[in-house]
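Reading through the structure tokens given below for one structure.
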Amino acid sequence: MRKLLNTLYVSTQGVYLHRDGETVVAEREQKVAMRLPIHTLQAIVCFGNVLVSPFLLGLCAERGVYVSFLTEYGRPMAQIEGGKNSNVLLRVAQMHAADNPRLSADIARNVVAGKILNARTILQRRLRDHGADEACARGVAQLANVVLRLRSADTLEMVRGLEGEAASYYFQAFNGLLVAQREDFRITDRNRRPPRDPMNALLSFLYVLLANDCAGAVKSVGLDAQIGFLHALRPGRASLALDLMEEFRAFFADRVALSLVNRCQVRRKDFSFSESGAVVLSETARKTVLVEWQNRKKEQLVHPFLNEKIEAGLLPFVQAQLLARHLRGDLDAYPPFIVK
């Protein structure tokens, strides 16, 4: 089984990253802040004004360490990677499947089934752990109904329509998942670009982290991150990474957001509110989020399909491998990740 390596998140403005032999060195104001051996890293994610030396970029490309550049507030800007995985036959199979409406619908349907079932489980756990909540109970029933109808969805249009319906039901119930700071983090809908309330700002930031992890996972097994099935092809968009992350939105990103809010580790004062209506997470709070994100990735769980204990951070990689096996014809269908 693949070993879970670290992702280095650099959010402090003005940091300079460079190479010292086989070591990544982070400096700020000409003082060394950190040193990490390159072999312990799978990715480096830079937020805002972070400088990276060409020699370090070359080392990362050589060792297969992805380097991502985002704005200070988390909007993706660019990603640097080494040479493409040599498995061209797998990418050909991926292209053929994406060009086949039936095969695309089959994969998309399983992805959406995983997403909906995992969202439903989050609502069910809320009812189990904290007692009755009308919105959550209604959401559980609505999502169960969508899953039943999803079984007969045989076109991408039908699958996408049901995915949108399920997302609407889930976010209508989302406020019921809050057990602390309910007034400060209540949402009326899922909004972004820009997010207009603290919870949406927190979710958007976490979804960026998740998408970045999923993009690295699909590339690491030789798949093309831009050729998706649920998400249509669009220049510059990592559609397959967006497909893969759907199964993990509720289970991973939403759970981290809710834990941070319900444990009062993130508060309303950690956000700034602009006159345009945009809401932005502070640098200090982003660091809190990143620490929690990394800790969650180290949690152990039993994968429902493999029946093996793995670290949660390996889930995107495992699912990318399973998708690759399906595209090669080793599996009859793509088995989505469904939390027990």
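The values are calculated or read from the model by the stated rules, or taken from the named source; none is laboratory data. Just so you know, these numbers come straight off a predicted model, no measurement behind them. Virtual Cβ from ideal backbone geometry, glycine too; neighbours counted across all protein chains shown.
Numbers for the structure displayed
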quantity: Within segment 272-293, considering residues that are touching a helix residue (DSSP H, G or I) at 6+ places or on another chain (Cβ under 8 Å) and of a type in the set (S, T, N, Q), the one nearest to residue 41 (Cα to Cα); calculated: 288
quantity: From 109, 102, residue being surrounded by 14 or more Cβ atoms within 10 Å (Cβ to Cβ) and part of a helix (DSSP H, G or I); calculated: 109
quantity: Residue within segment 280-295 that is within 25 Å of residue 116 (Cα to Cα), free of Cβ contacts under 8 Å to residues at least 40 places away in the same chain and either in contact with a Gly (Cβ under 7 Å, 6 or more places away or on another chain) or not in a helix (DSSP H, G or I) (or both) present; calculated: no
quantity: Any hit, segment 242-264, residues being in a loop (DSSP other than H, G, I, E, B) and either over 23 Å from residue 122 (Cβ atoms) or of a type in the set (A, V, I, L, M, F, W, C) (or both); calculated: yes
quantity: Residue within segment 263-274 that is touching a Pro at 6+ places or on another chain (Cβ under 9 Å) and of a type in the set (A, V, I, L, M) present; calculated: yes
quantity: Residue selected from segment 301-311 under the condition under 24 Å from residue 45 (Cβ atoms) and modelled with pLDDT under 90, by the criterion surrounded by the most Cβ atoms within 10 Å (Cβ to Cβ); calculated: 310
quantity: Test result for residue 126, of a type in the set (D, E, K, R) and in contact with a Cys (Cβ under 8 Å, 6 or more places away or on another chain); calculated: yes
quantity: Filter result (under 23 Å from residue 208 (Cβ atoms), among the aliphatic types (A, V, I, L, M) and part of a loop (DSSP other than H, G, I, E, B)) within segment 296-340; calculated: 339
quantity: Strands (runs of 3 or more DSSP E) (entirely within segment 14-70) containing at least 2 residues that are buried (at least 20 other Cβ atoms within 10 Å of the Cβ), in contact with a Phe, Trp or Tyr (Cβ under 7 Å, 6 or more places away or on another chain) and not assigned by TED's automatic domain parsing to the domain that holds residue 285; calculated: 41-47
quantity: Some residue of segment 240-250 being surrounded by fewer than 22 Cβ atoms within 10 Å (Cβ to Cβ) and more than 26 Å from residue 78 (Cα to Cα); calculated: no
quantity: Residue among 189, 184, 197 that is more than 30 Å from residue 98 (Cβ to Cβ) and in contact with a strand residue (DSSP E or B) (Cβ under 7 Å, 6 or more places away or on another chain); calculated: 197
